Amino acid sequence: MDFKIDKHISGQFNQELEQIMSHVLDMGGIVEQQISQSLAAISSLDAKLAGQVVENDRKINAYETTIDEECARIIAKRQPAAIDLRIVLAIAKTIADLERIGDEACRMVKPALESYNREERQFLVDLDHMGQQVLTMFNKVLDALARMDSEAAYEVYKMDKKIDKTYEAITRQLMTYMMEDPRAIPKIMDVIWATRSLERIGDRCQNISEHVIYLIKGKDVRHTSREHIEKMLGV
């Protein structure tokens with residue numbers, strides 16, 4: 001994705017900010033791949049692909065370290081203020097959430113390392129459905145960040161409520177399975193933890209949407225009602 005920042009007093013500063021944001025979007029692309037591969041590994045019970053997901057987490061960690069260093073350097077060198085400082089702060093918060101999403105993708109693949117018989121595969125069906133919802137949410141928040149679109153970010157913010165409801169419904173269903181067949185409890189617990197990881201990824205996507213709104217509007221909307229955010233955005 002391309003990212004453009006409004007012109008600043010220093011053309012070099014503008015270029016540095018755009019370069020850092022480009023790295024953030026590259027990092028986001030890898031995280032997106034991690035989520036997608038995690039879901040594919042679970043769906044096909046592919047242990048090899050699950051291992052690749054865990055191995056590739058190093059790339060995400062390396063990006064976080066590099067971008068952190070770039071942010072620290074630009075603060076020390078440029079001493080940014082106003083919108084410039086907001087961009088740097090939003091980047092720092094965003095990459096922290098991206099790194100944690102990568103961690104959750106790694107935790108999520110445990111079911112792919114287990115064998116499931118025909119009856120037990122039903123445990124995985126709803127997990128894949130929820131996973132596609134979360135992947136869509138992640139794609140949309142990354143796009144909102146790239147386009148610096150606060151209204152699009154708010155649409156992502158609202159999606160988390162649906163993810164939470166899906167998580168609750170799947171958890172209830174899995175609990176029912178456990179009561180019906182106690183022998184399946186270990187495998188069902190693996191699916192429950194994977195579902196929990198997806199729910200947390202949704203939370204992280206909502207966090208990133210808040211960072212985008214802060215970056216553009218200069219308002220911290222954490223712990224703020226939806227009504228207040230809508231009034232601020234004029235939607």
Seminar exercise, completed: Only one of R86, R100, R73 is in contact with a helix residue (DSSP H, G or I) (Cβ under 7 Å, 6 or more places away or on another chain), more than 20 Å from A194 (Cβ to Cβ) and surrounded by fewer than 19 Cβ atoms within 10 Å (Cβ to Cβ), namely R86
Exercise. So R58 clears everything in (1) among the basic types (K, R); (2) out of contact with any helix residue (DSSP H, G or I) (no Cβ under 6 Å at 6 or more places or on another chain); (3) closer than 21 Å to E210 by Cβ except one condition, right? Which one?
Worked result: (3)
Exercise. Restricting region 36-48 to residues that are among the aliphatic types (A, V, I, L, M) and surrounded by 17 or more Cβ atoms within 10 Å (Cβ to Cβ), which is nearest to G202 (Cα to Cα)?
Worked result: L39
Exercise. Would it be correct to say that I201 is out of contact with any Asp or Glu (no Cβ under 6 Å at 6 or more places or on another chain) and closer than 28 Å to D103 by Cβ?
Worked result: no
Problem set entry | Pair list, Cβ < 6 Å and 6+ apart or interchain, from region 207-235 residues that are within 16 Å of K161 (Cα to Cα) to residues that are assigned to a loop (DSSP other than H, G, I, E, B) and not polar (S, T, N, Q) | E210/V221; E210/R222; I229/V221
For this session: Only residues in region 30-43 that are at negative phi count as the first member; pair them with residues that are at pLDDT 95 or above and aromatic (F, W, Y), Cβ under 8 angstrom, at least 6 apart or cross-chain, and list the lot.
Result: I30/Y63; V31/F138; E32/F138; I35/F138
For this session: May I ask you to say which residue of I192, I163, I185 is of a type in the set (V, I, T) and touching a Leu at 6+ places or on another chain (Cβ under 7 Å)?
Result: I192
For this session: Return only the number of the condition from (1) touching a helix residue (DSSP H, G or I) at 6+ places or on another chain (Cβ under 9 Å); (2) under 27 Å from G218 (Cα atoms); (3) not charged (D, E, K, R) that Q133 does not satisfy.
Result: (2)
For this session: Could you run through region 12-40 and say how many residues are touching a Gly at 6+ places or on another chain (Cβ under 9 Å) and more than 18 Å from R58 (Cα to Cα)?
Result: 1
Seminar exercise, completed: Within region 10-35, of all residues that are hydrophobic (A, V, I, L, M, F, W, C) and farther than 30 Å from Q79 by Cβ, the one surrounded by the fewest Cβ atoms within 10 Å (Cβ to Cβ) is I30
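The values are calculated or read from the model by the stated rules, or taken from the named source; none is laboratory data. Since this is a predicted model, take the numbers as computed values, not measurements. Glycine also receives a Cβ, built like all others from the backbone with ideal geometry; neighbour counts cover every protein chain displayed.
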